[in-house]
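The values are calculated or read from the model by the stated rules, or taken from the named source; none is laboratory data. What you see is a predicted model; the values in this text were computed from it and never measured. As a convention, Cβ positions derive from the backbone with ideal geometry for all residues, glycine included, and neighbour counts pool all protein chains shown. With ligands, DNA and RNA removed, areas are computed over all heavy atoms of the protein, side chains included. Shrake-Rupley method; radii C 1.70, N 1.55, O 1.52, S 1.80 Å.
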Amino acid sequence: MRKSLAQRITLSVLGVLVALVFLFPTYWMFTTALKTPGEILSPKFDLLPSSATLSNFASALTKPGFLTYLGNSLIVTLGAVLAALVVGVLAAIPLARFRFRGRKGFLLLVLVAQLAPLSALFIPMYLLMRDIGLLNTLPSLLLVYFATSLPFTVWMLYGFVNGIPYDLEEAAMIDGCSRTGAFRRVTLPLLGPGLVTTSVFSFITAWNEFLFALVFMRDQAKQTLPVWLSSFRTAFSVDWGGVMAASVVYAIPAVVFFLIVQRKLVSGMTAGAVKG
C-alpha cells in the first residue's frame, strides 16, 4: 500500500528533526571552539559566535605533548585494528566453512565475550600486564584494544563469510586455483564490506578509550589523546574553549578514517546479518 503525501512529509520532517538532534552537539562543539572565553561564559544564548577566533585551536595544538599523544593514539589504534582484522579473518574462515566438534560452543563463547562489560575485565587485564611486565608500554594498550575488539570482529566476519557461497571458491579451484588462491582471489575481495564494518567499530572503540590509557600509562609521554583532553581541566577551572577546540581536532582522524572507508560501510552493515 502506497504511502500518502502527508505520511511521506511527516516521515521526512521527523527524519530531519532526528538528524538535527544528533548533529547539534557537533555544531555546538565547533561553534564554542570559535568563541572567546567571555562569550563561552556569558549567560546569553548565541547560536553563532559574534567574533570568531582561532586562539582556542592555537592553544590546543601548541599544548605540550599533543603530537606525542597523537602518535601514541595512532599506533595503538591502527595496530589493534589491523591485528583484530587478521586474526578475525583467520578465525571466521574455518568457523564458517568447516563443521567440527565444538564449533557452536566456540561461537557461543565469542558472543559471551562480546557481551562482557569492559569494566569487568579491567582488574584482570591490569594484573596480567603487570605480571608480564608490559605496564606503561604501548604494546599493553594495543593488546587490550585488540582483545576487546576481537570477539565482535570474529562474530561479524563469520556472518560475512557465511554469506559468500562456497560454490564460488569451488569454481575457482576447478579453474586451477589452490584453496589459498581461491580465498585470495574470490572470498577476500567479497569480504571488503565486512572488513570495513569491523574496522570502523574497532577504530572507534580504541580511539575513544580513556580508562585503560589513563591507568596503564604512568609516563605522560606514553599516554593517548583521550587522556590529553582531560588536561584542559584543572582543580579550579575548565578551559571550555580549549576543550572544544581539542575535541574538534581529536575527531578529525576518526572522520578521515570514516571518509576513506564509507563507500563500503553501508553495504557492510547489512550484508553481515546472515543466518548462521
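Here are some notes:
- Residue, modelled with the lowest pLDDT, within the range 204-223, restricted to residues that are surrounded by 19 or more Cβ atoms within 10 Å (Cβ to Cβ) and not in a loop (DSSP other than H, G, I, E, B): 222
Residue-wise test of (1) within 20 Å of the chain's Cα centre (by Cα); (2) surrounded by 14 or more Cβ atoms within 10 Å (Cβ to Cβ); (3) at pLDDT 90 or above.
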position: 79; (1), (2), (3): yes, yes, yes
position: 91; (1), (2), (3): no, yes, yes
position: 98; (1), (2), (3): no, no, no
position: 101; (1), (2), (3): no, no, no
position: 104; (1), (2), (3): no, no, no
position: 109; (1), (2), (3): no, no, no
position: 117; (1), (2), (3): yes, no, no
position: 122; (1), (2), (3): yes, yes, no
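- Selected residue (only one of 36, 62 is of a type in the set (Ser, Thr, Tyr), open to solvent by 20 Å² or more (accessible area, probe 1.4 Å), under 30 Å from residue 217 (Cα atoms) and at pLDDT below 90): 62
- The condition of being open to solvent by less than 60 Å² (accessible area, probe 1.4 Å) and more than 23 Å from residue 199 (Cα to Cα) holds for only one of 134, 150, that being 134.
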